[in-house]
């Protein structure tokens with residue numbers, strides 16, 4: 001049996017019943033910070049057997065276009081649906097039309113499709129989620145850089161040396177640097193910045209404030225010539241590091257590169273198990289990060305390119 005739950009307290013209770021609480025994306029409070037209450041309405045899909053909940057898809061309605069997606073939006077990656085594979089056909093049938101689940105964990109989808117290959121057309125979109133495992137390079141990113149080709153390694157280290165030769169200072173803190181982040185990303189990307197709208201800014205403010213309250217926020221500030229010129233804000237959840245937001249003044253060549261290297265090195269000093277660098281952006285592949293496939297589900301399936 002399938003039912004839909006819209007009461008916030010009941011949805012939170014269901015979430016805590018089914019969430020494995022292993023990753024940052026499993027935490028209700030953090031995901032609620034990603035949730036825009038003014039735009040998205042809770043509509044959790046609950047699978048029940050003999051009147052007892054035994055599967056959950058935390059569904060929400062986007063009231064701007066009457067589409068449906070997972071609670072917490074499209075930012076979190078490599079997620080899974082909290083249902084048994086055998087429950088998927090019944091749940092899929094119950095899902096509203098115009099449903100999209102972004103960046104599901106590829107391994108989970110592969111196992112699902114091995115059982116139900118008829119749903120392959122619903123999962124054709126793929127992306128890479130990038131990550132690092134510090135133990136693989138003995139908790140020192142310089143060892144990872146040494147694995148680059150000779151020319152790439154020399155160029156990489158030359159870039160870092162040039163920016164480090166400037167009068168600069170690193171500061172690790174737990175401060176909210178959202179407003180500086182917005183200024184930098186809008187300066188660098190203009191209208192294409194994710195933070196060019198009030199909605200985009202509001203989400204970051206909610207998430208960073210929640211991370212502060214939870215004691216999970218790790219902020220790096222880089223000062224150049226005495227002025228703040230770059231920030232990164234990350235989450236450290238159960239020894240798993242998530243690089244969430246970063247912005248730097250691109251008037252300084254290679255400052256963004258230094259920002260990422262120093263963020264990675266701090267995670268290494270803390271001996272984290274994994275550093276999640278999320279999906280997309282070619283530089284992550286160029287840095288030879290590990291990757292795993294994420295797959296997006298759509299109902300209805302999009303026509304294949306050959307059919308258009």
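Among the residues of region 50-83, what is the count of those that are under 17 Å from residue 3 (Cβ atoms), out of contact with any helix residue (DSSP H, G or I) (no Cβ under 7 Å at 6 or more places or on another chain) and at pLDDT 95 or above?
7
Which residues, counting only those in region 128-178, are under 20 Å from residue 278 (Cα atoms) and assigned to a strand (DSSP E or B)?
128, 129, 130, 131, 132
Quick one: residue 24 ticks every box in (1) within 23 Å of the chain's Cα centre (by Cα); (2) surrounded by fewer than 20 Cβ atoms within 10 Å (Cβ to Cβ); (3) modelled with pLDDT of 95 or more except a single one, so which number is it?
That leaves (2) as the condition not met.
Looking only at region 140-153, how many residues end up being surrounded by 16 or more Cβ atoms within 10 Å (Cβ to Cβ) and in contact (Cβ under 8 Å) with a residue 60 or more places away in the chain?
3
Regarding region 50-68, can at least one residue be identified that is touching a residue at least 40 places away in the same chain (Cβ under 8 Å), within 19 Å of the chain's Cα centre (by Cα) and under 20 Å from residue 210 (Cβ atoms)?
Within region 50-68, one or more residues are touching a residue at least 40 places away in the same chain (Cβ under 8 Å), within 19 Å of the chain's Cα centre (by Cα) and under 20 Å from residue 210 (Cβ atoms).
Considering only region 199-308, give the strands (runs of 3 or more DSSP E) lying wholly within it that have at least 3 residues that are over 20 Å from residue 103 (Cα atoms) and in contact with a helix residue (DSSP H, G or I) (Cβ under 9 Å, 6 or more places away or on another chain).
217-224, 227-237, 240-248
Conditions tested, residue by residue: (1) on the phi < 0 side of the Ramachandran plot; (2) more than 16 Å from the chain's Cα centre (by Cα); (3) without any contact (Cβ under 8 Å) to a residue 60 or more places away in the chain.
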site	(1), (2), (3)
215	no, yes, yes
249	yes, yes, no
254	no, yes, no
257	yes, yes, no
266	yes, yes, no
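Restricting region 110-127 to residues that are under 24 Å from the mean Cα position of the chain (by Cα) and outside any helix (DSSP H, G or I), which is farthest from residue 234 (Cα to Cα)?
Step by step, filter region 110-127, then rank; the result is 124.
Please tell me if residue 93 is loosely packed, with under 14 Cβ neighbours inside 10 Å and farther than 22 Å from residue 207 by Cα.
yes
The values are calculated or read from the model by the stated rules, or taken from the named source; none is laboratory data. These figures come from a predicted structure and were not determined experimentally. Note that we place each Cβ from the backbone using ideal geometry, even for glycine, and neighbour counts take in every protein chain shown.
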